[in-house]
């Protein structure tokens, strides 16, 4: 606010103080030049003629409680003085920003509601610095945030398939069932596993996969059927980018130089690496490293698995019943030649069609 | 909706906070905190890096991040640089450009590495993105000057055009002239890979003279010396410059013109090029040397005495690329003069000669490791090494984060003791706790891999050749290296057991390359069956792997994780478990 602007305002408003009221009801008066540093207050004064007296105190947004107001006014009081150097201002800011994270969040919100952009930037940058370099768990603790991503979403943060909370519920149910079965199976097989020494050769592993370890033909078929279905589901069930990850930063963004001579050892073909493949004792390899993750479903009792699949299918059908319009939307996209169908995992086709939601 | 606490921040405020968080790693962490942060983050993500273009589909990326402005994609695996990936393997960018053309009208940056880019892709880029600013094609191929002409003609706000190390076909189009006379926005231009016919010098001069913001200019080899001086005089504000062919004999007028031009360039910090340079011309750049932070002399066949003189003029040097002509004496001079050195790359001048043609040994590297406290990144080709030297280097420089040693002859032992280099590299991984990239060479047993598995917890990329004794070596690496993303192996006795035992690990990595190892096709099929989120590609130009005896090993194996499923653009020499994969469409 320059002197010229001030002069245009009606004389009645040329008081030295502005009256402000916080959400708790308390009213205070603040030096005009300090308060007017906040665009929101400035707007109230000029456009609406508020703040001139106690009865006409400007109601501040809810997020500006007395403590935050005090901080903000300290900030304004310092910065509204025109003569300060950049160095002084920076130094003040650095000291000003030192507070616990909770207050920092409150301050950011309060400054935002008063549209005080320089302070919003200052506090936002400070929050960004707090967030950088931490793990999701640490961040949740600091900001008291809920741990509400599914196990799958957390493990592979970039694989989250859908935006629809109902589909996520479905995923969660499925994941929970899989976990339960894993526990149950573990308890059942504990004796068996202790006996099993894993010295299988590749051939043994192959035959195990193909179900030649004494199981009935029925199970063998259902196993491969399950595998195929699971493969399809896995492909459909996953989305987004697993490979989006850390970029290997090189200094100054410089890349490898292609010197025609940069071939080194890799060019030497046929120089005999006479390696002596000595026999490796297979018990060196831990049991638990042995094809665990991919194996789970193959060890589950097929009847039980069918039951789960049916449950999930029921659930999906229930969800679908109130989606007639949604279905229409999806069908009208028509990118894919395959028909839309709600298979085992209802989100399979949805993922392809679901367009970005309007915000 | 998650419960909101009194101190919680609104979506708008959070988005503002996130705008100050730009690193890929931190953005990914933010998206994993909770559902609301995931949502907010995905809408305000502007930059995407995809390390393997087949790990995800463009549709998936677009769905999750609807407002991207900048994308970086990488295609072929690293060993493609050594001609180990046959032509036609893949890495086509057109499907990506096609999808993004519709979804991201405001996309303004595309950076590609080792991808096949066609003129059609370039024309589509030129047509689809109104505010296009940055195009980087690193080690790409498949396009011609026709495509470049389309870019030049349409992209009015183009700021960066960088074709580093790409192969460009000459279609005889004077593409540089397609930049309209009104175009003035160039900031960075790298055409060092182009042949002589592909650059019209007069068009180049006109372009340079009307782009006042030009900061980086890397010309191709064919620009003669006197023209170099002219260009420099037109752009004294340059920060990076790639000098060109130096003429055969010293002419004083050319020399003084060049020296004068260089002395005008007060902002110059990085020089490269120097093809066929005659040492007598080197003093022409002395006026800028004191400010130089980066010097690439890897094409310059200047010998040690001249190199020493040059280096002694560059006390601010942070990055040096040079041939082994620098010799141990030159590296010692470097160590005493250049205390700010962070990165050193020494290339072999004649890698195919059994006898060394330059006196470069392990001593040079030891000297630099001792004298340069900020040294972080090393790429070193040499013919002899000792464990003692490696241990010394490790102890001197625990701050190394990239260490790539290439002892030229495979299976070379410690020249002092005759031992393998297990202990030496073991010391490197033990002391350099922040090591993220490592290349091994020389005689190595399974022991070195045990050390690597035990100590190299931050290692992200490992390159191995002609090393190890058995599957145990590979097993140590796969089971121990927690941060491993890329593993590339050639000519090592690693086989099925290590691979299958650590199948789950492979899904946590970006990719694994194994060529001339001992992996059977059966194991590949098995792995592929067990791990549906892995694409297991057997690259074999000899014919179907099935047609050979069971115990025959595959030629090349490339395994990478993917949420996009098997790709549809595989050439006939790539084999996967799906024999009935009739969906082999031509690119």
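Before moving on, here are some points about what is shown:
- Fewest-first ranking of A:116, B:474, using other Cβ atoms within 10 Å as the exposure measure: A:116, B:474
- Over the Cα atoms of region B:1-100, the radius of gyration divided by the Kirkwood radius equals 1.11; this is the Rg/Rh ratio.
- Counting DSSP beta bridges with both ends in chain B, the antiparallel % (nearest 5): 15 percent
- In region B:438-587, the alpha-carbon atoms span a convex hull of 108 Å³ per residue.
- Mean projected area in nm² (Cα convex hull; one quarter of hull surface) for region B:136-254: 7.2 nm²
- Cβ-Cβ FRET estimate between residue B:417 and residue B:568, R0 fixed at 45 Å, reported to 0.05: 0.25
- Look at the stretch A:106-117: the mean tally of other chain Cβ atoms within 10 Å of its residues' Cβ atoms is 2.
- Per residue of peptide B:24-30, the mean number of Cβ atoms on other chains within 10 Å of the residue Cβ is 6.
- Rg and Dmax [Cα atoms of region B:379-430; Å; Rg one decimal, Dmax integer]: 10.5, 29
- Cα-based shape type of region B:247-295, given that a ≥ b ≥ c are square roots of the gyration tensor eigenvalues and the cut on a/c is 1.5: oblate
- For chain B, the spread of Cα positions along each principal axis, largest first, Å: 71, 63, 62
- FRET efficiency for the pair residue A:88 and residue A:47, taken as 1/(1 + (r/R0)^6) with r the Cβ-Cβ distance and R0 = 30 Å, rounds to 0.40.
- Rg and Dmax, both from the Cα atoms of region A:15-141 and both in Å, are 15.7, 51.
- Paramagnetic label zone (point 7 Å from Cα along Cα-to-C-beta, residue A:17; backbone N under 14 Å) in region A:41-69: A:51-58
- Number of partner chain Cβ atoms within 10 Å, mean per residue of B:15-22: 6
Bear in mind that the values in this text are calculations on the coordinates, not laboratory data. It should be emphasised that the depicted structure is a prediction, and the values quoted were computed from it without experimental measurement. Positions of Cβ are generated from backbone atoms using ideal geometry, with glycine treated the same way; all protein chains shown enter the neighbour counts.
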